[in-house]
Amino acid sequence: MTIAPEQLDQKRTELILQQLEQLPTLPTIAMQLLEVTGNDQSSARDVVKLIESDMALTTRILQLVHRPDMKVRGEVNSVEQAVVLLGFAAVRSTVLAVSVFETFGTGPARRFGHFARDDFWKHSIAVACCAELLAEQLSTVFGKDSGVDPSQAFVAGLLHDLGKVALDACLPKSFDRVVEAVEMLRGNIADIERKVIGLDHMVVGKRLAERWQLPAVLRDAIWLHGQLPQALPATVKNPRLVNLITLADQLVRGQHIGYSGNYTYTVSRQSLLDAVGLTDEYVKEALLKLVGRIEPRAASLGLNRASSNELYQQALTRANKELGRVSEQLVSKNRRLAIRAKFFDALSGFQAELRPDAPPQVVLQAVGQTAVGVLGVKSVCAFSLPPGQAFAEALLFDDQGTVFANTLIDCSNHPNKPEGGDGPVLACGDEMEWIVSAVSPRLEHDQRYWICLEADGQCIGGIVWGAPSGEAQRLSSQAQELVAIAGGWSLALRTAQIREEARTLSEQLAEANRQLHNAQNEILRSKMLISIGEMAAGAAHEMNNPLAIISGRSQLLASSLQDEKLKGSARQIYEQTHRLSDLITELMHYAKPVPAQPVSNDFADLIDRALDEARQQADVADRNIELTLADVPPVNVDGQQVGSALAEIIANAIHATDPAKGQIEIHAAFDPYSARVAVTVTDNGYGMDERTLKQAFDPFFSNLKAGRRRGMGLAKAMRWVESSGGSIRLESQPEQGTRVIILLPAATPERVETPVPQRKAAT
């Protein structure tokens with residue numbers, strides 16, 4: 001059974017989270033103290049007993065109370081005094097901070113590791129101190145209503161990136177790749193974590209906080225820091241604390257203290273200041289105190305056992321030891337730097353070329369232009385292959401980055417993933433024959449190489465070029481840079497493909513909605529016709545017999561009466577019964593018309609018969625009727641029905657125009673692409689308003705005075721035309737006349753290549 005990619009990703013995430021169970025738990029004394037200090041029924045004596053049972057913890061608490069910022073006068077020599085002075089919140093925060101640091105600490109240095117825990121903890125302690133200072137500023141603004149305890153803010157700041165050190169402990173190699181990638185791309189480490197590992201350090205930190213049973217406010221700060229204030233879930237216990245940690249993290253990163261791995265600022269400082277309730281003046285005041293706060297706090301917690309001067313001396317010693325090696329490798333490093341600079345400039349130029357809404361072809365053009373430069377070749381082919389598409393779009397570039405050819409290539413049988421090879425540069429094998437055979441004559445040399453652009457494990461495009469044997473070895477020293485720039489190409493190309501897919505999907509959705517609307521209208525119309533048919537059938541059944549009796553009796557009455565006036569009334573009864581009977585018959589023919597029998601009809605004869613029939617229905621008077629027929633083929637319709645429909649339409653145009661100034665134009669032409677004959681009947685009559693235009697094809701609707709017409713003309717015309725596979729639509733404006741467009745299926749759809757002769761007639 002094949003496992004779906006999303007199921008595989010979910011399973012991988014679960015396995016990673018299960019590894020958190022292998023991490024150490026908090027010391028027992030810390031867990032007990034968290035429980036006791038969080039219980040309103042606990043006494044200070046209970047807390048003192050627990051602290052005194054751990055010598056290291058006792059020392060840290062006594063060191064904490066003697067910090068300069070605590071402003072405690074005299075000596076405090078007992079834990080009981082320290083607990084009273086500090087309060088439960090400060091004691092709990094201190095215990096938690098010390099316990100977490102001792103659980104992970106700086107860790108053993110890895111020879112090839114990119115993640116330095118020393119620098120990580122420097123950043124964490126700086127964020128903790130900054131959060132504490134901001135919380136103190138809040139107290140000056142809001143007093144006890146600030147909602148953020150400084151000691152709690154300190155611990156939240158210290159632990160906000162707990163997930164990073166947890167990932168380093170659980171997945172050192174994968175996390176090392178994350179750190180290396182983010183240092184190159186200078187983005188957000190969380191984005192790289194999700195791409196490389198499958199989840200970010202915020203989720204890992206949240207899960208570890210839940211396992212350690214940390215307070216909900218600390219768990220929320222670990223999980224949700226970095227979010228927009230308005231995006232925080234409603235279930236967050238203390239949103240102000242979360243926003244304060246986000247602000248403190250941004251401020252410390254701006255001061256370049258320690259290592260964070262995040263080089264982006266997705267949340268504006270002003271929005272955070274508004275959410276927290278501080279101004280820039282308070283922030284500046286806190287930053288002035290930050291450096292002086294870090295060293296004593298770090299020393300009291302055992303997070304920094306060396307002074308600033310000692311750290312400087314250690315760095316200087318290491319620098320002197322490295323000086324010889326750096327001198328020996330200077331030439332190679334400079335060469336390497338030049339290569340990286342070239343790739344960095346290429347990637348920067350590539351990104352600068354693209355608009356945020358660039359379509360795939362524009363992205364592909366930027367990819368090809370960049371590839372020519374970084375590969376150092378005279379011609380390349382860049383192709384785009386969205387997943388599920390049967391054709392690839394390929395562009396060929398010369399050494400100046402100019403497109404000299406583009407083509408679509410059938411790739412229905414290509415594999416989704418590249419095969420064979422180590423590194424980004426691969427030799428083209430059989431799996432690439434589909435594109436090599438199409439572009440190979442336009443590339444140099446005999447050998448073909450390519451770089452695959454991937455997204456979610458699928459090939460979404462690539463770069464193909466020609467070179468002598470050994471091309472992969474020539475570019476092996478640039479493999480890392482090629483992987484990075486290929487990743488940038490892949491990201492930009494896939495983003496453009498997804499955007500194009502979304503655009504196409506939205507257009508298809510709009511078309512589907514349009515078709516659905518038309519289908520709904522057609523269903524309503526069909527239901528109306530069924531109702532009319534049932535009504536007409538019922539009316540015919542119930543009314544024909546009484547009408548026959550009335551008709552017969554009126555005839556007898558008319559023949560027996562001597563008074564001419566009474567005899568005329570009897571004849572009028574007879575005529576109206578026949579009119580009503582005709583109306584029922586007409587309604588039956590509309591609701592259940594005789595099935596059309598389309599045959600080939602000469603259109604000129606059809607329109608001539610329709611004109612004659614229209615003249616019988618309406619007085620032409622002095623109206624001018626102009627007929628223009630292009631060289632149209634015969635139409636495949638029911639001649640009787642469509643002829644009557646055309647007659648109804650022409651008669652309507654006659655009725656709608658002035659008897660003396662009326663102008664009616666009838667034009668017919670053939671569209672070879674749709675194999676339709678288009679007939680337009682245009683008049684300069686009084687036109688229709690929007691309401692009339694919408695109801696023009698409804699049975700019994702007429703905008704003429706009552707008794708003039710029954711309103712079945714256009715309704716019957718539509719039924720007859722549609723029965724033969726045609727269609728009718730109207731265009732009209734009040735006082736600007738009306739145009740009726742009739743499309744009829746042609747019997748001979750061959751395209752007309754010769755000039756179109758014209759036939760004109762005027763009446």
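Only the coordinates and a few stated rules stand behind these numbers; no lab work does. It should be emphasised that the depicted structure is a prediction, and the values quoted were computed from it without experimental measurement. For neighbour counting, all protein chains shown are included, and Cβ atoms are generated from backbone atoms with ideal geometry for every residue, glycine included.
Please report the net charge: other residues with Cβ closer than 12 Å to the Cβ of residue 725, K and R +1, D and E -1. List each step's numbers first, then the result.
On the way: positive: 676; negative: 638, 722.
Taking every Cβ under 12 Å from that of residue 725, the sum is -1.
If you find the alpha carbon centre of the range 624-673 and of the range 168-221, how far apart are they in angstrom?
Measuring centre to centre over Cα atoms gives 75 Å.
Could you put 397, 404 in order, starting from the residue whose Cβ has the fewest other Cβ atoms within 10 Å?
404, 397
Which order results if 560, 124 are arranged by neighbouring Cβ count within 10 Å, fewest first? Working shown, then result.
Working: 560 10, 124 30.
With the sparsest Cβ surroundings first, the list reads 560, 124.
Cross-link partners among aspartates and glutamates for residue 694, C-alpha distance below 19 Å, same-chain residues fewer than 8 apart left out?
522, 648, 683, 722, 731, 735
Can you check what the net charge comes to around residue 739, using other residues whose Cβ is under 15 Å from the Cβ of residue 739 (Lys, Arg +1; Asp, Glu -1)? Mind showing how you got there, number by number?
Numbers: positive: 729; negative: 626, 665, 683, 731, 735.
Net charge in that neighbourhood comes out at -4.
Under 18 Å from the Cα of residue 284, which aspartates and glutamates turn up, not counting those fewer than eight places away in the same chain?
Candidates past the 8-residue exclusion: 132, 136, 249, 274.
Quick check on the exposure proxy: order 210, 542 from fewest to most C-beta atoms within 10 angstrom.
Taking fewest neighbouring Cβ atoms as first place, the list is 542, 210.
Report the local net charge at residue 190: Lys and Arg +1, Asp and Glu -1, summed over other residues whose C-beta lies under 13 Å from its C-beta.
Cβ neighbours under 13 Å give a net charge of -1.
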